[in-house]
1. Per residue, how much accessible area does the chain show when a 1.4 Å probe rolls over the protein heavy atoms, in square angstrom?
2. Could you point to the label whose value was computed as mean projected area of the Cα convex hull in nm² for the structure here, given (i) 13.6; (ii) 12.8; (iii) 11.3?
3. List the longest stretch of the chain that has no exposed loop site; here a site is one of the trypsin sites (Lys or Arg not before Pro) assigned by DSSP to anything other than H, G, I, E or B, with at most 15 other Cβ within 10 Å.
4. Please compare each pair in 129/186; 103/173; 4/174; 29/103; 29/123 to a cut-off of 19 Å on the Cα-Cα distance and tell me which ones are over it.
5. Under 10 Å, Cα contacts only: if you run a Gaussian network model on the chain, which one of 75, 11, 135 comes out with the highest mean-square fluctuation?
6. What angle, in degrees between 0 and 90 and rounded to the nearest 10, separates the Cα long axis of helix 21-55 from the longest principal axis of the Cα atoms of the chain?
7. Working from the alpha-carbon coordinates of the stretch 50-144, get Rg over Rh, Rh being the Kirkwood radius.
8. For the Cα atoms of the chain, what angle does the longest principal axis make with the long axis of helix 99-116, in degrees from 0 to 90, nearest 10?
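The values are calculated or read from the model by the stated rules, or taken from the named source; none is laboratory data. Note that the structure is predicted; figures quoted are calculated from it, not measured. In this analysis, Cβ positions are derived from the backbone assuming ideal geometry, glycine residues included, and neighbour counts consider all displayed protein chains. For accessibility, only protein heavy atoms count, side chains too; no ligands or nucleic acids. Shrake-Rupley method; radii C 1.70, N 1.55, O 1.52, S 1.80 Å.
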Amino acid sequence: ASMKLQTEVLVDHLMHLDINNEEKDIITKYTSRFLNDNARLEDQLDSHLQLSRVERHAPVNLTPIQLHNFLKTEVKRFPSDILFDFSQLSDEVVIMADEFALKTIIRNLIDNSIKHARVSPLKISITSKITDKVVISYTDNGDSFTGEPKELGQLFYKHNSPMGSGIGIYIIKKLMQQMQGSCAIKAKSQVSYLLEFRGKDQ
């Protein structure tokens, strides 16, 4: 939090410095990278904290969350060149979720896309469908998955990737179970996630 705050102060101070645009662009580039790296470090710490919580079966606090507004706030912490598509996500969708757990789930999904998609620009689509539950579909335009789909979600499973810790999807599945929902993973041409939540009136 201290590193993030000090970097944000530097960025704000930079805007008022009388230096040429080329030098300003260079400084902006590296301060932006630092803020992004800081956000990823924060997410890793949160993930390990959540891993500890799910292994201890710590209780969750389910409250109504308006998903569209929640996501619009969350994606602001990620690089601006990621293209998010919420056009098929209704503004009216309200789910019952633990706010801290939901942040961990969304951040892990997006972080997985950043690490493993290997495409530019990265496009992430989140859609909703209401049946007897609220079903949220998460997909990106990344490369196809070549590992064993049944292993996805196993603790520390990373296939052949040197990236990540192998705990993200495991935490997602455990948190969804604790919130009386579920997480299904499809790995055909691309990996997609189906998150099933209780609705507000369910």
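1. Details: 11710 Å² over 202 residues.
Ligands and nucleic acids excluded, the figure is 58 Å² per residue.
2. Matching the structure shown: (ii).
3. Working: sites that count: 56, 118, 188, 200.
No qualifying site falls inside 119-187, the longest such stretch.
4. On the way: 129/186 17 Å; 103/173 14 Å; 4/174 30 Å; 29/103 27 Å; 29/123 22 Å.
The answer is 4/174; 29/103; 29/123.
5. Result for the chain, Cα springs under 10 Å: 11 fluctuates most.
6. It is inclined by approximately 30 degrees.
7. On the way: Rg = 14.2 Å, Rh = 14.5 Å.
Rg/Rh: 0.98.
8. For 99-116 against the chain, the angle is about 70 degrees.
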